[in-house]
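Below is one structure, written out as structure tokens, with a few remarks after it.
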Amino acid sequence: MKVVDILNQSESTQFSIEVIPPLKGESIESIYSAIDPLMEFNPISINVTYHREEYEYKKMPDGLLKRYSVRKRPGTVGIAAALKYRYKVEPVPHLICGGFSREETENALIDLNYLDIKNVLALRGDSVKNEKYFVPEPEGNSYALELIRQIVQLNNGQYLNEDQKNASPSDFCIGVAGYPEKHFESPNLEYDMDILKQKVDAGADYIVTQLFFDNAKFFEFEQRCRDYGITVPIIPGIKLVATKKHLKLLPSMFHATLPEDLTREVLKCKDNAAVRELGIEWAVAQCRELKERGVPCLHFYTMGRSYGTRRVAEAIF
Ligand code: FAD
């Protein structure tokens, strides 16, 4: 079933989670053991992130360095299919522009269609590690907007090869990313909102937000979207602060601000076990308010760990 249909048919706030593929060579069991403890809260969907290749250098016998491309967390499409099979839940594989030609994207969409996977999250993706700016593939999509257009074209039975005979249409539900604190490359909030509106007008069915720790930022973002005529469901993304390192990591990786009072309390914690408890308390308070305000779903970035998310889910659902 399409995520947007589930959301539109639900009368209460739903629960969804996001997992990351294991490192290459690790077993899929690590994903199952992160998901199993959360299944009793009936997630409507499980997102599976997509990770770009990284470059590594190896010294050759002649002393020169050779550059290798390695995808450290492969398997998004396979994991999505495995989750559908094992849990009978809607998987939402992420699709990114980076590293893909349009042809490869089309082939991935065809695979997903054959697997009866109905939902995707369409993203530009991050730049390759150590590259300052995002660089699209020569024959690839440059922005999420172009990827959405490609998926919509396939939904209309239009393949890249216009002469394709007997082309059968796909029927993907398309989620996209939104940024309560603006995307870090956007010059200002208005520009960011304009891009988001274009993504929705192009065919995005719903929005999942970047993680945030101050609900006021989410409510302002939601209002801005509505003022811009964006009417699709907006799902807040929740991440639990769990270690002192997060004070630096979360702003640098996700461009999310941590409120002063949360930061102060984290600094007062004597160890990471205390930070974890504080993070759970903070997320419970955040989720209670979001639920009271009627958000359609709470989406948890589990990062492969279930303990904190489970504690929050116990308090909220
Ligand atoms: P876009 O919407 O394309 O925007 C990127 C930037 O370009 C913005 O600054 C925007 O203003 C600008 N822009 C967009 N369109 C145009 C245009 N037509 N002309 C000019 N400027 C434009 N990353 C991964 O690598 N893998 C994942 O699995 C993943 N999952 C994510 C899930 C969620 C819910 C979120 C919020 C983020 C996720 N990310 C993931 C991170 C995401 O890929 C990055 O934030 C990336 O930098 C932007 O992706 P986007 O889809 O928002 O890009």
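The values are calculated or read from the model by the stated rules, or taken from the named source; none is laboratory data. Note that the coordinates shown come from a computational prediction; the quantities given were computed from them, not determined experimentally. Positions of Cβ are generated from backbone atoms using ideal geometry, with glycine treated the same way; all protein chains shown enter the neighbour counts.
Worth pointing out:
- Any hit, segment 21-43, residues being farther than 25 Å from residue 308 by Cβ, modelled with pLDDT of 95 or more, within 16 Å of the ligand (Cβ to nearest atom) and assigned to a loop (DSSP other than H, G, I, E, B): no
- Within segment 8-57, the residues that satisfy the criterion of being touching an Asp or Glu at 6+ places or on another chain (Cβ under 9 Å) and of a type in the set (A, V, I, L, M) are 44, 46, 48.
- Taken together, 52, 73 contain a single residue that is in contact with a Pro (Cβ under 6 Å, 6 or more places away or on another chain), part of a loop (DSSP other than H, G, I, E, B) and within 13 Å of the ligand (Cβ to nearest atom), which is 73.
- Taking the criterion of being polar (S, T, N, Q) and either at pLDDT below 95 or within 24 Å of residue 293 (Cα to Cα) (or both), the residues of segment 183-218 that qualify are 209, 210, 215.
- Close pairs from segment 37-64: first under 16 Å from residue 119 (Cβ atoms), partner basic (Lys, Arg) and within 16 Å of the ligand (Cβ to nearest atom), Cβ under 8 Å, at least 6 apart: 49/73
- Among residues that are at pLDDT below 95, closer than 28 Å to residue 210 by Cα and basic (Lys, Arg), residue 129 is included.
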